[in-house]
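Visitor: Take a look at this one; I'll ask things after.
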Amino acid sequence: MWIKPEEVAPGTALWVTEDTNEFFRLQRRRGYGEGKGLAGLLVGTLDAVLDSGARSSPYRIVHEAWMQSYWAIATGGTREEIAVHWTWLEQNLLHTLSIFESSEDQTEFITGKIKGIIAEEQHGMKGEGSSGEQFREATMRFCHLFAMPQAEHLVTFVSCSYWKGRVPRHGWLYLSLNHACFHSFLLGKEVKLILPWVEVRCLEKKATVLFPEGVEVSTRGSDYHFSMFLNVGDSYGLMELLADRAARQLLGTDSIMEPRKFCEVSTSSSPSGDGFGLKGELEALGRSYHYQLRFSLPRCENMQMEAECSLWLTVEKKHVQGQLYTSQRYLCFAASEDSLPSLVIPLREVAMIEVASKSNVLPNALAVSTRGHLSFFFAFLRDRDSLLQHLIQAHMTAFVEANAVKSPLQLPQGSGSAACEAKEVAKEEMWKIHFAKYGRGPCVYRIHSMRHLVQLGIPVRLRGELWLLFSGATHDLAKHPHHYEGLLEHSQGLASLVTEEIERDLHRSLPEHPAFQSELGIAALRRVLTAYAFHNPRIGYCQAMNIVTSALLIFADEEGAFWLLVALCERLLPDYYSNRVVGALIDQAVFEDLLREHLPTLHCHLKDLGFIATTSLSWFLTLFLSVLPFESATAVLDCFFFDGVAAIFRLALAVLHANASNLLMCHDDGEAMQLLSRYLDNVTNKDSILPSVPHLHAILSADGKNQPTVDVHELIRAAEQKFSGVTFDIIEQMRRKKRLEVVQSLEDTTKRNVVRTISADHTNFSTNELEDLFHLFKVEYLHNMYWSSDQEMHSLCSHNQNLAYTMQYRLGRTHFQRLFQRLSPWPDGPHTVCLADRTFHIANRDGSGLVSFRDLVAVLGILYRGDLTERLRMIYKLHLVPTNMKAKVEMETCLDYRAILKKWEQEKLDKERELKDLPKMNQAQFIQLCKTLYNLFGQDENEQELYRAIAVVANLLLSIGEAGQKPLQSNTSFLWTPCEGASLDVAHSFSNESKSTEGSCFQAKESGAKSGQASSNDAATTFLLFSSSAAQPPECGILSDGAAGVEAANVDESHSPSENGSAQQITRRTLNQDGWTITCEQFLASLLTEPTLVTFFEQPVDVAAKICNAQASVLTHRLGPVDFCKLMNH
């Protein structure tokens, strides 16, 4: 690549001149290419350790100026790359430079020209996040060393040491979007590592006695320790971000960490030195994601500015130090030491933003006034003016909400207790006082006094409003005021698998509550769940959603309950509600670690009982609604919407802590579960005005004995006091760590389930072989996920955890062809691409354009281990499919269940077809079949005998096909019969040099055609089936159905007969071509007449060798054969 011209030393000791002219020298650095000696090893070591910028490139071009000064103008990683620049200089500059009289003018012209070329390149790369010349060169080195495509974007590169045993190997760690790659070259010994982020099970920053502080990367096979970073904290943070992004990709979640898919991030959010680089963009997206979760904001909000300031609390008359955050539509504040007080100000609510009056109390401050007559003051702002300009511009584009207040499904009636009614009125008065001091609505202060009120229990009449506020659902409702009605209209009358699941669970949703004992409540629940299934088809519907939604409908109207459900599934409890409940499994692993930290003795005992996993999962999925009485569970929901999932963790720890002594005496998990069930059934809410709604299992299990009761508010306060260290930030940090472990565990489970399911249907492969094939299939899937340029196909192939295990990974046409070429049972040749394309259409049974692992195994099982009849029948079927046929790509949604059932029925009928049910083959398809068979034999030791045999079979089948034709006087056709006197020697190079496999066919040249003479019906002309000339293989045209004739191939008359002396000639006769067909039975019977062909197709395929070669080809492509061996030894 071109580099900014800089003056360099001649470097005769370090560089070898390979080419020269009057103005330039092409030089190779010692230690690269041929002639490596001691000096070369030392130079290579220095380059690997020091990474001396442009000078470390293997090749360079220097301009030889006046007075023996030299200017480096280009570098290259390979001889071919630098040769391109050298050729350009010779063709474009040499003639021009000869015009200048002085060498100074020549040097000035050259440097100016090169700088102009670089400026053009940088302008073109600006959108791709170029971060300077050094980064561009590192990108070139990364792609060259690890054979990565340009689509694999490098994020950053850092100098570090990789500990191989007790010896550190210093080198460079390259962090890209999908891989962590390490390269070291010391004294002639080279080390290369490629670690895909999707294979990382654990990522830890640790320091031991032997190893300095560094990062340990754990995969399925090994642990890799990297240390001696310049800034280990920044490097670890970026590695954690990239590994977390890869884990989310495997889960198939929304691309929340995907760069360039969000609103543009301002320069203030990018780290210094990277500008708009990919590293800065990823870090900005990570901060935006944390910002969205912390303040319960919509996913489209990207943090744009962050500034230190203080919030002036007008009631307490004091400053609170913290951070001010801004995004497109919101202004947020959070205290530095504690999460409270905090503030969320939607810009749609803002009436005025101005500079506050100068005073000693509010120095350098901004004043924000809302439409609700609230004023907020932010002081001690360093860059107040730029913040003011940003807020004014954002405020101009903010929308104004227009929502009408609606009633919930059923306001709960009082329980009849005068004391409870009095307490409810008192709580409402306390909230009115709080609203009078701190405001009401979206801009309300969230301070410690509000948390205290929430822990006492939110009044029933305010619960729906405050749940919407705390969860952030009020922002979604304001932004999409008519979205819910549109979903109801769109989903009306549509049936699907999801709607059937919803119908099945409707009557299991809080059946004890009066609101859901009538059609009114059931209908509302049906509408909300169906609307969400259409709103987010990726999740659709999952069990436990009905229970939570029922509770929401008690206190909010339908639209409010819908947006609460959106906030719950997509923000507060991400990835919880799916077939594999991934989010709940992650939080379950986090809870187990918290239990180990806070209650270590109890943790050890419960782990031995196997109790933690079975119990905690239901607690988190249903937010205690399935285990606590309803009136008590609503108090838990109050805290959950205010504090987030941290409230659930604290409550779960408090429950186990309260029962620790009794749990330690339990001898099995059943006894422990019964103990906790009785305890939770007796958690009461004495202040609630709601009717008592005990669970059915509590009524059935009651033994008539009075059990001690526990007040839910006391339990919540105990949880807050004893486990206050369990905060949102701690949980998010632990989630990132556990997500890697859970995802890898799920991937292992997926592989086992896929192998077990397929092995039951396909006994042609062993379990180990299926596992190896699945690994290769997954590698191709990941390559599609990484580098596919077809965005539509990329989205279709995306991992969908709601599909069956065998359908979660699917390949499109291109990646299937590449995988089939590696696994083809026959030697690679010009036929392989065409055969892979035909195989794809056979495996793509549903016409979706995607092939699952089950489909691949079904095809390979026949080609690898099928008997002779099955293999030949498969070859016959492959040639009934036309090539270059674009599959109809359709996205299968949760709504096309009838089509899915129809497809299953069709597949069942297809399996029951016998040979006689296969369609007949026409002449064009037969010619393609013969072409494929000829190409299969190119590397066989009995090549000539196989060619002779297939020629006999082909002519026999041609005769059979013609026997069924109806003669027509107006049309002509061909009769292919063997004759003596001509040679058949299909050279081995024919199959290697053939350029056209799709649409290639046999050709014939009619004698006298060029002279315009018409042949009679019974005239005959001989021609060769194939040209025996290896240097000039026949170029073939497409023979379509019903063609009147076939062109003849050029015959090399000078070719001598083959050694075996066999010769075949074909006689062409005038016959009718319409209706020329053969059947599969005829094809099989004809081929069985040749023992050589029978032996060839009966010989077994070494599946283990095929898989091993395929695995080696993937790794060798990345590391090279030598490095691959080193990696395997490691």
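Visitor: Just to check your reading of the model, which residue among 296, 310 is within 37 Å of the chain's Cα centre (by Cα) and not β-branched (Val, Ile, Thr)?
Guide: On the way: 310 fails: within 37 Å of the chain's Cα centre (by Cα).
Answer to the selection: 296.
Visitor: Can you give me the number of residues within the range 593-608 that are surrounded by fewer than 21 Cβ atoms within 10 Å (Cβ to Cβ) and either under 20 Å from residue 665 (Cα atoms) or touching a Lys or Arg at 6+ places or on another chain (Cβ under 7 Å) (or both)?
Guide: So the answer is 11.
Visitor: Also, I was wondering about something else. Hey, among the residues in the range 493-550 that are more than 26 Å from residue 631 (Cβ to Cβ) and acidic (Asp, Glu), which one's farthest from the chain's Cα centre (by Cα)?
Guide: So, considering only residues that are more than 26 Å from residue 631 (Cβ to Cβ) and acidic (Asp, Glu), the one farthest from the chain's Cα centre (by Cα) is 503.
Visitor: While we're looking at this one, here's another question. So is residue 171 in contact (Cβ under 8 Å) with a residue 40 or more places away in the chain, surrounded by 21 or more Cβ atoms within 10 Å (Cβ to Cβ) and of a type outside the set (Lys, Arg) or not?
Guide: Values: in contact (Cβ under 8 Å) with a residue 40 or more places away in the chain: yes; surrounded by 21 or more Cβ atoms within 10 Å (Cβ to Cβ): yes; of a type outside the set (Lys, Arg): yes.
Criteria met by residue 171.
Visitor: Please find, among 784, 800, the residue that is within 14 Å of the chain's Cα centre (by Cα), at pLDDT below 85 and not in a loop (DSSP other than H, G, I, E, B). Please lay out each step first, then the result.
Guide: Numbers: 800 fails: not in a loop (DSSP other than H, G, I, E, B).
Exactly one residue qualifies, and that residue is 784.
Visitor: While we're looking at this one, here's another question. Need at least 1 residues that are charged (D, E, K, R) and either touching a residue at least 40 places away in the same chain (Cβ under 8 Å) or more than 25 Å from residue 729 (Cβ to Cβ) (or both) per element, so show me which strands (runs of 3 or more DSSP E) inside the range 304-387 make the cut, counting only ones lying wholly within it.
Guide: On the way: elements: 305-313, 318-326, 330-335, 342-346, 350-355, 366-370, 375-379.
Of the strands (runs of 3 or more DSSP E) lying wholly inside the range 304-387, those with at least 1 residues that are charged (D, E, K, R) and either touching a residue at least 40 places away in the same chain (Cβ under 8 Å) or more than 25 Å from residue 729 (Cβ to Cβ) (or both) span 305-313, 350-355.
Visitor: A follow-up question, please. Residues that are under 21 Å from residue 617 (Cα atoms) and at pLDDT 95 or above, at least 3 per element: which helices (runs of 4 or more DSSP H) completely within the range 645-692 meet that?
Guide: Working: elements: 646-658, 660-663, 669-681.
Of the helices (runs of 4 or more DSSP H) lying wholly inside the range 645-692, those with at least 3 residues that are under 21 Å from residue 617 (Cα atoms) and at pLDDT 95 or above span 646-658.
Visitor: So is residue 770 buried (at least 16 other Cβ atoms within 10 Å of the Cβ), touching a Pro at 6+ places or on another chain (Cβ under 9 Å) and either at pLDDT 75 or above or within 27 Å of residue 203 (Cα to Cα) (or both) or not? So that I can check it myself, show each step before the final result.
Guide: On the way: buried (at least 16 other Cβ atoms within 10 Å of the Cβ): yes; touching a Pro at 6+ places or on another chain (Cβ under 9 Å): no; either at pLDDT 75 or above or within 27 Å of residue 203 (Cα to Cα) (or both): yes.
No.
Visitor: Let me ask you something else. Could you say which residue among 388, 456, 488, 466 is modelled with pLDDT of 90 or more and either polar (S, T, N, Q) or not assigned by TED's automatic domain parsing to the domain that holds residue 556 (or both)? It would help to see each step written out before you state the result.
Guide: On the way: 456 fails: either polar (S, T, N, Q) or not assigned by TED's automatic domain parsing to the domain that holds residue 556 (or both); 488 fails: either polar (S, T, N, Q) or not assigned by TED's automatic domain parsing to the domain that holds residue 556 (or both); 466 fails: either polar (S, T, N, Q) or not assigned by TED's automatic domain parsing to the domain that holds residue 556 (or both).
None of the other options fit; the residue is 388.
Visitor: Confirm whether residue 624 is among the aromatic types (Phe, Trp, Tyr) and surrounded by fewer than 22 Cβ atoms within 10 Å (Cβ to Cβ).
Guide: Details: among the aromatic types (Phe, Trp, Tyr): yes; surrounded by fewer than 22 Cβ atoms within 10 Å (Cβ to Cβ): no.
Taking the combined requirement at face value, the residue does not satisfy it.
Visitor: Now for a different question. Take residue 867 and tell me if it is closer than 17 Å to residue 934 by Cα and among the charged types (D, E, K, R).
Guide: Details: closer than 17 Å to residue 934 by Cα: no; among the charged types (D, E, K, R): yes.
No; evaluated as a whole, the condition is false for this residue.
Visitor: Right, another one. Just wondering, is there one or more residues in the range 181-189 that are crowded, with 22+ Cβ neighbours inside 10 Å, over 20 Å from residue 134 (Cβ atoms) and either in the same structural domain as residue 232 (by TED's automatic domain parsing) or of a type in the set (Val, Ile, Thr) (or both)?
Guide: Taking every residue of the range 181-189 in turn, none turns out to be crowded, with 22+ Cβ neighbours inside 10 Å, over 20 Å from residue 134 (Cβ atoms) and either in the same structural domain as residue 232 (by TED's automatic domain parsing) or of a type in the set (Val, Ile, Thr) (or both).
Visitor: Determine, yes or no, whether residue 562 is part of a helix (DSSP H, G or I), in contact with a helix residue (DSSP H, G or I) (Cβ under 6 Å, 6 or more places away or on another chain) and farther than 25 Å from residue 491 by Cα. Spell out the reasoning first.
Guide: Numbers: part of a helix (DSSP H, G or I): yes; in contact with a helix residue (DSSP H, G or I) (Cβ under 6 Å, 6 or more places away or on another chain): yes; farther than 25 Å from residue 491 by Cα: no.
Judged against the criteria, residue 562 is not a match.
Visitor: Anything in the range 325-358 that is over 16 Å from residue 392 (Cβ atoms) and charged (D, E, K, R)? List them, or say none.
Guide: Filtering the range 325-358 down to residues over 16 Å from residue 392 (Cβ atoms) leaves 325, 332-344, 357-358.
Result: 337, 338, 358.
Visitor: Is it true that some residue in the range 463-474 is in a loop (DSSP other than H, G, I, E, B), surrounded by fewer than 20 Cβ atoms within 10 Å (Cβ to Cβ) and within 38 Å of the chain's Cα centre (by Cα)? It would help to see each step written out before you state the result.
Guide: In the first step, residues of the range 463-474 are kept if they are in a loop (DSSP other than H, G, I, E, B); the result is 472.
Still in the list and also surrounded by fewer than 20 Cβ atoms within 10 Å (Cβ to Cβ): none.
Checked against the condition, which is being in a loop (DSSP other than H, G, I, E, B), surrounded by fewer than 20 Cβ atoms within 10 Å (Cβ to Cβ) and within 38 Å of the chain's Cα centre (by Cα), the range 463-474 yields no hits at all.
Visitor: Restricting attention to the range 581-625, which residues are touching a residue at least 12 places away in the same chain (Cβ under 8 Å) and within 17 Å of residue 548 (Cα to Cα)?
Guide: Correct list: 581, 584, 616, 617, 619, 620, 621, 622, 623, 624, 625.
Visitor: Hey, another quick one. Go through the range 863-881 residue by residue and tally those that are among the hydrophobic types (A, V, I, L, M, F, W, C), free of Cβ contacts under 8 Å to residues at least 60 places away in the same chain and either in a helix (DSSP H, G or I) or on the phi > 0 side of the Ramachandran plot (or both).
Guide: Going through the range 863-881, the residues among the hydrophobic types (A, V, I, L, M, F, W, C) turn out to be 863, 868, 872, 874-875, 878, 880-881.
Subsequent filtering for residues that are free of Cβ contacts under 8 Å to residues at least 60 places away in the same chain retains 874-875, 878, 880-881.
With the extra rule that they be either in a helix (DSSP H, G or I) or on the phi > 0 side of the Ramachandran plot (or both), the set shrinks to 874-875, 878.
The number of residues fulfilling the criteria is 3.
Visitor: Oh, and also: Return the residue satisfying two criteria in turn: it lies in the range 347-392 and is hydroxyl-bearing (Ser, Thr, Tyr) and surrounded by 13 or more Cβ atoms within 10 Å (Cβ to Cβ), and of such residues it is nearest to residue 327 (Cα to Cα). I'd like the intermediate steps shown before the answer.
Guide: Step one: list which residues in the range 347-392 are hydroxyl-bearing (Ser, Thr, Tyr), which gives 357, 359, 369-370, 375, 386.
Now narrow it down to the ones that are surrounded by 13 or more Cβ atoms within 10 Å (Cβ to Cβ): 369-370, 375, 386.
Numbers: 369: 18, 370: 17, 375: 20, 386: 14 Å.
Checked the range 347-392; the qualifying residue nearest to residue 327 (Cα to Cα) is 386.
Visitor: Can you name the residue in the range 620-646 that is of a type in the set (Val, Ile, Thr) and within 36 Å of the chain's Cα centre (by Cα) and is also farthest from residue 586 (Cα to Cα) among such residues? Step through it out loud before you land on a result.
Guide: At the first step, the residues of the range 620-646 found to be of a type in the set (Val, Ile, Thr) are 622, 627, 634, 636, 645.
Retained after the next criterion (residues that are within 36 Å of the chain's Cα centre (by Cα)): 622, 636, 645.
On the way: 622: 15, 636: 21, 645: 12 Å.
Once the filter is applied, the top-ranked residue is 636.
Visitor: What are the pairs with Cβ atoms under 7 angstrom where one residue, in the range 457-476, is among the acidic types (Asp, Glu) and the other, located anywhere, is outside any helix (DSSP H, G or I)? Sequence gap at least six, or different chains.
Guide: 476/298
Visitor: Go through 498, 548, 566 for me and flag whichever is farther than 28 Å from residue 614 by Cβ, touching a residue at least 24 places away in the same chain (Cβ under 8 Å) and surrounded by 20 or more Cβ atoms within 10 Å (Cβ to Cβ). Break it down into steps so the answer makes sense when it comes.
Guide: On the way: 498 fails: farther than 28 Å from residue 614 by Cβ; 548 fails: farther than 28 Å from residue 614 by Cβ.
The match here is 566.
Visitor: Looking only at the range 173-190, count every residue that is farther than 23 Å from residue 785 by Cβ, in a strand (DSSP E or B) and touching a Ser or Thr at 6+ places or on another chain (Cβ under 6 Å) and tell me the total.
Guide: 1
Visitor: Among the residues of the range 515-535, how many are free of Cβ contacts under 8 Å to residues at least 40 places away in the same chain and either farther than 16 Å from residue 495 by Cα or not assigned by TED's automatic domain parsing to the domain that holds residue 459 (or both)?
Guide: Of the residues in that region, 6 qualify.
The values are calculated or read from the model by the stated rules, or taken from the named source; none is laboratory data. Small disclaimer: the values here were computed from a predicted structure and weren't measured. Note that we place each Cβ from the backbone using ideal geometry, even for glycine, and neighbour counts take in every protein chain shown.
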